[in-house]
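Everything below concerns the one structure shown next.
No value in this document is a laboratory result; all are computed from the given coordinates. Just so it is clear, the model here is predicted, and its values are computed rather than measured. Note that each Cβ is placed from the backbone with ideal geometry, even for glycine, and that neighbours are counted across all protein chains shown.
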């Protein structure tokens, strides 16, 4: 299963959670509507970028682990007899 499929909704969840927290804080501090919307827009854009970068990093890390596993499977086992001959 690819990371994109597994974390398909993660980006939206992160952005919506950040927007919800921002909305609640804007209500608590009684900010004006225009100012609240500007802050909310900035938060949505910033967290969208952060979530996108995080998901790409997760995908790269998972791909690197898969490549290492394949390399270990393809590597031929070393023969002990050749080491003994080289060190004598």
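Report the residues of region 1-44 in range of a label on residue 62: point 7 Å along Cα→C-beta, backbone N strictly under 17 Å from it.
In region 1-44, the label zone of residue 62 (backbone N under 17 Å from the point 7 Å along Cα→Cβ) covers 1-14.
Order by neighbour count: 69, 74, fewest other Cβ atoms within 10 Å first, most last. Numbers along the way, then the final one.
Numbers: 69 10, 74 7.
Going from least to most buried by this count: 74, 69.
Report Rg (one decimal) and Dmax (nearest whole number) for region 22-67, counting Cα atoms only, units Å.
16.7, 52
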